[in-house]
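Undergrad: Sharing a structure with you now.
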2 protein chains.
Amino acid sequence: VRLGEAMGAIRPADAGAMAAARERHARLTKPAGSLGALEELSVRLAGLAGGCPPPVPTRPVVAIFVGDHGVHAAGVTPWPQEVTGQMVANFLAGTAVINAFARQVGAEVVVVDVGVASRIDDPTGQLWRRRVRSGTRDLSTGPAMTREEALEAIGVGLAVALELAGRGHDVLLTGDMGIANTTPAAALVAALTGADPADVTGRGTGIDDATLARKAAIVAAALVRHRPDPTDPVGVLAAMGGLEHAALAGLILGGAALRVPVILDGVAGCAAALVAAALAPAAADAMVAGHRSAEPGASVALAHLGLTPLVDLGLRLGEGTGAALALPIVAAAARVLHDVATFDSAGVARVDARPDNERGEASQRAVQT
Amino acid sequence: VRLGEAMGAIRPADAGAMAAARERHARLTKPAGSLGALEELSVRLAGLAGGCPPPVPTRPVVAIFVGDHGVHAAGVTPWPQEVTGQMVANFLAGTAVINAFARQVGAEVVVVDVGVASRIDDPTGQLWRRRVRSGTRDLSTGPAMTREEALEAIGVGLAVALELAGRGHDVLLTGDMGIANTTPAAALVAALTGADPADVTGRGTGIDDATLARKAAIVAAALVRHRPDPTDPVGVLAAMGGLEHAALAGLILGGAALRVPVILDGVAGCAAALVAAALAPAAADAMVAGHRSAEPGASVALAHLGLTPLVDLGLRLGEGTGAALALPIVAAAARVLHDVATFDSAGVARVDARPDNERGEASQRAVQT
């Protein structure tokens, strides 16, 4: 029911706020269009906020959802499954890469166990224990989850979004950890975009050619076995997804319902974004593509969603690391609409110049101020 | 003399520190190579610092050098020359885009008048008044500066670097403002890389096709007129450069001499970087390419210097805006080598996996910890 409420609360971006942001950009003391992709980003933030200027995010949080995967048994990665739980300890100790990045950009980190297979000690009580089950079943031999489990995991992500927003967090960054989780991510991307499994299956944390071939074959066979219906995203998740992908979809839906921007990290976040958009198309207006993961499925998903990533540095770590690097860019895009003077207010002479290749007409008029 | 001292102090990156950084990366709790371009960036920072881990920059500063250009009279831009001085007032008021970006990423901004044509009021005394002359001469009719003026402007930038470092700034960001200054920048890039003028001349703040054709013809004619010798970068600067380009070259040399990283912004900073590298090739080891400006000369210069930009969002504003967006990425790259646990210390099982396409050999060994 709560999921239904959230989906019902999701509205498209506010066209008036977007128009106001575009109009304001034209009056700021800079050549028209000179901030490139940042201008459209700030327009989207205004549309999501429903006003211009949109708020500058000051309380960012990375929500790392962690789960294990039955398909690990099929040999899709050389990493032992125990590493999932070991990395949770690393996150809680503040010594993983995402902790370093989050510290750098002023973001908090929360770690949510939505489906780890092993027992996790947490003497300091930092872990958000929301385990739906101890790892999924093997998607190569049957459904990864029941439909109820998938819905429960979506509900976990949704509840986390509401709780984080309630604590004052004003931008959510997707994070994930789960040994083998790029296999279900690839399956989700293939199922929800119609892409060829070979085009969305990547090397994840680093696998050799033989393992990559096996992984792509498993994804292809899963599509044949489960016959996923892209108009039933919960069914797709249950058949082939991971608990962290389901929870991330819920987080994104929660952000969209609350009109809080969600910065997508790598292929897990992008696959979850496809699920969220399939459930509520307007949720895409709350999404910001943080970076272009080296994992090919991420690019396929972003293209399907019509999103262009902000950072493209070949990262393939997950955890929220790419989203964290994009965060200052997102904040800067919002801040421009607050802090920058207009030509009129600053007494700067204005020229209505724009490259011909950007507007298709040759016109340069000096406007007196 | 001071320039000679600075050039003499510039040493190549420390190979031992770079090897130590690479070795440390291999032991950190992440798959090998999973941070993509950030790993090599952190290695370069270690090489510059002469130790691993390199310091995490905490006191960033954007140095905006401002100048006017005699070539403005040749009709290379629709913007009136007065806008240069008006934008100085905007910087000092804290209401330009660079002020917003710098505020977002925690950087200070200093504004240095190295060659504005007009009188500038500065009631609060913030402006660094280092004017060498009130704008350059028109490079399309004669040399833009004397050799002495070019050297003096280089000395201004060098002195600013030393003063900023003396105040505790540990990373320098290049900034620039000067109506018409992409014309001398294009000329510098063409002269110092051998590129065709048409391939390095861009639309700057936004010019129409006719103005672009005139601008490229002016750059091409200047190369014929001045016959710049790329082995004499001061002579190239004097013939066709701007005072802010000269000062930026000095800033970069100063950073390199002090082993402080310099984040390059747009085409002005990139053109200045070519000058600096022509004077002292090892200065390139201090440079970080902040972003890929939409101005084509910037990309040509970066390729010549062997640098890959961190951010690529189609910005074409200057002021240091692209460098500011890259700053958190640079800091994050250094911080990884400080904050992240090793497999051994964190008790995480290590797998020596790396994609075949990254190392050309298939090998995956589980290493017990």
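The values are calculated or read from the model by the stated rules, or taken from the named source; none is laboratory data. For clarity, every value in this text was computed on a predicted model and none was experimentally measured. Heads up, the Cβs are rebuilt from the backbone with ideal geometry, glycines too, and the neighbour counts pull from every protein chain shown. Heads up: the accessible areas ignore ligands, DNA and RNA and are worked out on the full protein's heavy atoms, side chains in. Shrake-Rupley method; radii C 1.70, N 1.55, O 1.52, S 1.80 Å.
Undergrad: Tally Lys and Arg at +1 and Asp and Glu at -1 over the other residues with C-beta under 14 Å from the C-beta of B:G47: what net charge comes out?
TA: 0
Undergrad: Further question: What net charge do the residues around A:T174 carry, taking every other residue with its C-beta under 12 Å from that of A:T174, with Lys and Arg at +1 and Asp and Glu at -1? Present the calculation step by step, with values, prior to reporting the outcome.
TA: Working: positive: none; negative: A:D176, A:E244, A:D265, A:E319.
Net charge in that neighbourhood comes out at -4.
Undergrad: Check A:V288: other-chain or 5+ apart residues with amide H under 5 Å from its amide H, H built from backbone geometry?
TA: Amide H to amide H, under 5 Å and 5 or more residues apart or across chains, A:V288 pairs with A:V262, A:I263, A:L264.
Undergrad: With θ set to phi - 60° and the Karplus curve 6.51 cos²θ - 1.76 cosθ + 1.60, what are the ³J(HN,Hα) couplings of the stretch B:54-61 in order, to the nearest whole Hz, using x for Gly and Pro?
TA: Taking θ as phi minus 60°, the curve returns x, x, 7, x, 10, 10, x, 9 Hz for the stretch B:54-61.
Undergrad: Ignoring everything except DSSP H segments at least 4 long, calculate the 222 nm mean residue ellipticity for chain B; use -39,500 (n - 2.57) per segment, divide by total residues, nearest 500. Each step should come with its number before you reach the end.
TA: Numbers: 16 runs with 183 residues, N = 369.
-15000 deg cm²/dmol, from helical runs alone.
Undergrad: Can you name the chain A residue with its Cβ nearest the rotation axis from A to B, and give the distance in Å as a whole number?
TA: Taking the axis that maps A onto B, the answer comes out as A:P328, 2.
Undergrad: Continuing with this model, one more query. On a 0 to 90° scale, report how tilted helix B:296-305 is relative to the longest principal axis of chain B, with both axes built from alpha carbons and the result rounded to the nearest 10.
TA: 50 degrees
Undergrad: Ok, one more. What is the sum of charges, Lys and Arg at +1 and Asp and Glu at -1, for the other residues whose Cβ falls under 13 Å from the Cβ of B:A278?
TA: On the way: positive: none; negative: B:D229, B:D232.
Residues close to B:A278 contribute a combined charge of -2.
Undergrad: For chain B, with every protein chain kept in place, what is the accessible area per residue (1.4 Å probe, Å²)?
TA: Numbers: 11910 Å² over 369 residues.
Per residue, chain B has an accessible area of 32 Å².
Undergrad: Right, another one. Mind running the shape call on the stretch A:187-276? Use the C-alpha gyration tensor, a ≥ b ≥ c as the square roots of the eigenvalues: rounded below 1.5 for a/c, prolate if a/b tops b/c, oblate otherwise. Each step should come with its number before you reach the end.
TA: Numbers: a/c = 2.63, a/b = 1.55, b/c = 1.70.
Verdict is oblate for the stretch A:187-276.
Undergrad: Within 10 Å of each Cβ in peptide A:191-204, how many partner chain Cβ atoms are there on average? Round it to a whole number, please.
TA: Values: counts 0, 0, 0, 0, 0, 0, 0, 0, 0, 0, 0, 1, 7, 4.
Neighbouring Cβ atoms belonging to other protein chains average 1 per residue here.
Undergrad: Run through the other copies and list how far each one's label point is from that of A:G306, in nm with one decimal, shortest first; the point sits 7 Å from Cα along Cα-Cβ.
TA: Computed spacing set for this position: 4.4 nm.
Undergrad: With a 1.4 Å probe and every protein chain kept in, tell me what percent of the accessible surface of the protein assembly as shown is carbon plus sulfur. Walk me through the intermediate numbers first.
TA: On the way: 12160 of 23830 Å².
Whole-percent figure for carbon plus sulfur exposure: 51.
Undergrad: Taking a point 7 Å out from Cα toward Cβ as the label site, list the nm distances between A:E148 and the same residue in every other copy, smallest first.
TA: 9.1
Undergrad: So how much accessible surface do B and A hide from each other in total, probe 1.4 Å, in square angstrom to the nearest 100? The partial results should precede the final answer.
TA: Values: alone 14640 and 14660 Å², together 23830 Å².
So the buried area, both faces added, is about 5500 Å².
Undergrad: Looking at chain A, which longest stretch skips every one of the trypsin sites (Lys or Arg not before Pro) that is in a DSSP loop with at most 15 other Cβ atoms within 10 Å, leaving the sites themselves out? Walk me through the numbers on the way to the answer.
TA: Working: sites that count: A:R119, A:R167, A:R365.
Result, exposed sites excluded: A:168-364.
Undergrad: Given R₀ = 22 Å, what would the calculated FRET efficiency be for B:E82 paired with B:E108, taking r from the Cβ atoms and rounding to 0.05? Walk me through the intermediate numbers first.
TA: On the way: r = 27 Å, r/R0 = 1.22.
The computed FRET efficiency comes out at 0.25.
Undergrad: Using only Cα atoms, locate the centre of the stretch A:148-195 and the centre of the stretch B:7-41, then give the distance between them in Å, rounded to an integer.
TA: After rounding, the separation between the Cα centres reads 34 Å.
Undergrad: Compute the label zone of B:A210 within the stretch B:55-84: residues whose backbone N is under 20 Å from the point 7 Å along Cα-to-Cβ.
TA: Zone members listed by number: B:72-81.
Undergrad: What would the Debye equation give as log₁₀ I(q)/I(0) for chain A at q = 0.11 Å⁻¹, counting only Cα atoms as equal point scatterers?
TA: -0.70
Undergrad: Quick check: the angle from helix A:321-339's long axis to the longest principal axis of chain A, C-alpha only, nearest 10 degrees?
TA: 20 degrees
Undergrad: Using a 1.4 angstrom probe on the protein heavy atoms only, line up B:S345, B:S293, A:S134 by accessible area, largest first. Could the numbers behind the result be given before it?
TA: Details: B:S345 90, B:S293 15, A:S134 65 Å².
Largest accessible area first, the residues go B:S345, A:S134, B:S293.
Undergrad: Also: Send over the per residue convex hull volume for the protein assembly as shown, Cα only, as a whole number of Å³. Walk me through the numbers on the way to the answer.
TA: Values: hull volume 107.8 nm³, N = 738.
Hull volume over Cα atoms, normalised by residue count, gives 146 Å³.
Undergrad: Could you give the Stokes-Einstein D for the stretch A:78-221 in µm² per second, using the C-alpha Kirkwood radius, 25 °C, 0.890 mPa s?
TA: D = 145 µm²/s.
Undergrad: Could you calculate the FRET efficiency of A:D229 with B:R59 from 1/(1 + (r/R0)^6), where r is the beta carbon distance between them and R0 is 60 Å, rounded to 0.05? Write down the numbers at each step before the final one.
TA: Details: r = 56 Å, r/R0 = 0.93.
Between A:D229 and B:R59 the formula returns 0.60.
Undergrad: What order do A:D344, B:D113 take when sorted by accessible area (1.4 Å probe), most exposed first? Walk me through the numbers on the way to the answer.
TA: Values: A:D344 125, B:D113 5 Å².
Heavy-atom accessible area, descending, gives A:D344, B:D113.
Undergrad: Here's another thing I want to ask about it. Connecting C-alpha atoms closer than 10 Å in a GNM of chain B, tell me which of B:D170, B:D339, B:D285 has the biggest fluctuation.
TA: B:D339
Undergrad: 7 Å along Cα→Cβ for the label point: how many nanometres lie between A:R27 and each equivalent label in the other copies, listed shortest first?
TA: Copy-to-copy label distances at A:R27, shortest first: 5.9 nm.
Undergrad: Calculated FRET efficiency, A:T308 and A:A73, Cβ-Cβ r, R0 60 Å, to nearest 0.05? Present the calculation step by step, with values, prior to reporting the outcome.
TA: Values: r = 37 Å, r/R0 = 0.62.
Once rounded, the FRET efficiency stands at 0.95.
Undergrad: With θ set to phi - 60° and the Karplus curve 6.51 cos²θ - 1.76 cosθ + 1.60, what are the ³J(HN,Hα) couplings of the stretch B:192-200 in order, to the nearest whole Hz, using x for Gly and Pro?
TA: 8, 10, x, 6, 5, x, 5, 8, 10
Undergrad: Any idea what the relative contact order of chain B is, in percent, if you count C-alpha pairs under 8 Å spaced at least 6 apart? Before the final figure, lay out the partial values.
TA: Details: 826 pairs, mean separation 84.5, N = 369.
Answer for chain B is 23 percent.
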